[in-house]
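Everything on this sheet refers to the single structure shown next.
The values are calculated or read from the model by the stated rules, or taken from the named source; none is laboratory data. Predicted model only: the values in this text are computed from it and were never measured. Ideal geometry is used to build each Cβ from the backbone, glycine not excepted, and the neighbour counts take in all protein chains shown. Heads up: the accessible areas ignore ligands, DNA and RNA and are worked out on the full protein's heavy atoms, side chains in. Shrake-Rupley method; radii C 1.70, N 1.55, O 1.52, S 1.80 Å.
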Amino acid sequence: MNPFRYERANDASTAVAMLAQVPAGAFLGGGTNLVDLMKLGVAKPELLIDVSHLPYNRVELLPDGGIRIGAAVRNSDLAADRTIRSRYPMLAQALLAGASGQLRNLATTGGNLLQRTRCVYFQDVSKPCNKREPGSGCPAREGYHRNLAILGASEACIATHPSDMAVAMVALDATVRVLGPNGERTIPLVNFHRLPGNEPQRDTVLEHGELITAIDLPQLPFATRSSYRKVRDRASYAFALVSVAAAVDVADGVVRDARIAFGGVAHVPWRALRAEAVLLGAPATGETFSRAADAELAGAQPLRGNAFKVPLAHNTLVRTLLDLTQEENR
């Protein structure tokens, strides 16, 4: 590990001001991803600013009926929160599907959104990687890419975003609150992460020095009937090959509203807007759900080693929607 300087911030404004002066600095929350990357030589911050003790560790009800989740809330605490479990079960399920109990006890909500890809070429400094060293190439395209992207990829990068939590939050229309050198701003989570394009090194739209302070979830009554389904190589401590977060509002056998997102298929948590459009006003049947999945996956561009993800994503979405609507009818 390279030498670095450590500072503990007493307030958010000080933390932001400190980081703004150091181009190679980083905020430190739970450190479950950043510290690993430092050990691998992938991340080389000159300064770490510890923000884990800032007062952002609460889950609060908002006047409009929504929920505010502080950026320092631990993943295990958020998954266990009674309001989250009852109003947004897909989020609690997604959190419990991620990592291990020990890691969830340390990982933070804000840090979870900022996880970097687990692509083997990104994590191996002996290999070229456009995300780690822009312009060096993407050996994953011709090499090992079984768990990489089928949607929204580019010639420069086919990495996938690893978070489970973010997939559920994207489906729930979450908003990210940040504090930076130029003040506060809010960013819809669906616009927070970036597709790789020609700049795969930029995972998010955050500017240097901006600190996530909270994530807001809007009131979404039909999200009480929601689910997160994760397909992976083993039952625990594995990243998604494909995952689906879904909530569906059905009345008299017709879909009135829907929220759907995929994980494990793109550089970002993938909001399935085409699938949602097909569902609205349509019968809540397996045929409709299959058409919705086909519409979303029509733009998939898999490679030889991950083409299986297209039918896997299709079937995972259909099965999840069938389970939810069968619950509605019971």
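Details
- Here ALA24 passes the criteria (1) more than 17 Å from ALA174 (Cα to Cα); (2) free of Cβ contacts under 8 Å to residues at least 24 places away in the same chain; (3) open to solvent by 60 Å² or more (accessible area, probe 1.4 Å) except the one numbered (3).
- Only one entry of VAL268, VAL254, VAL231 meets the criterion of being more than 23 Å from SER154 (Cα to Cα), open to solvent by 10 Å² or more (accessible area, probe 1.4 Å), of a type in the set (A, V, I, L, M) and in contact with a Leu (Cβ under 8 Å, 6 or more places away or on another chain), and that entry is VAL231.
- Within the range 69-91, the set of residues being touching a residue at least 40 places away in the same chain (Cβ under 8 Å) and surrounded by fewer than 18 Cβ atoms within 10 Å (Cβ to Cβ) comprises SER86 only.
- Applying a threshold of 6 Å to beta carbon distances and a minimum spacing of six or more residues, or different chains, the list of pairs starting in the range 40-66 at a residue that is in contact (Cβ under 8 Å) with a residue 60 or more places away in the chain and ending at one that is assigned to a strand (DSSP E or B) and open to solvent by 60 Å² or more (accessible area, probe 1.4 Å) reads LEU62/ARG68.
- Whichever residue in the range 163-213 is surrounded by 21 or more Cβ atoms within 10 Å (Cβ to Cβ), within 20 Å of ALA261 (Cβ to Cβ) and among the β-branched types (Val, Ile, Thr) and, among such residues, is farthest from the chain's Cα centre (by Cα): ILE212
- Here ALA284 fulfils each of the conditions (1) surrounded by fewer than 21 Cβ atoms within 10 Å (Cβ to Cβ); (2) more than 20 Å from the chain's Cα centre (by Cα); (3) touching a residue at least 40 places away in the same chain (Cβ under 8 Å) apart from (1).
- Residues considered: LEU54, LEU61, LEU19. Of these, the only one that is at pLDDT 95 or above, open to solvent by 70 Å² or more (accessible area, probe 1.4 Å) and of a type in the set (A, V, I, L, M, F, W, C) is LEU61.
- Test: residue in the range 294-309 that is hydrophobic (A, V, I, L, M, F, W, C), within 27 Å of ARG116 (Cα to Cα), surrounded by 14 or more Cβ atoms within 10 Å (Cβ to Cβ) and touching a Leu at 6+ places or on another chain (Cβ under 6 Å): yes
- Filter result for GLN102 (open to solvent by 40 Å² or more (accessible area, probe 1.4 Å) and not aliphatic (A, V, I, L, M)): yes
- Restricting attention to the range 191-213, the residues that are free of Cβ contacts under 8 Å to residues at least 60 places away in the same chain and more than 21 Å from TRP270 (Cβ to Cβ) total 1.
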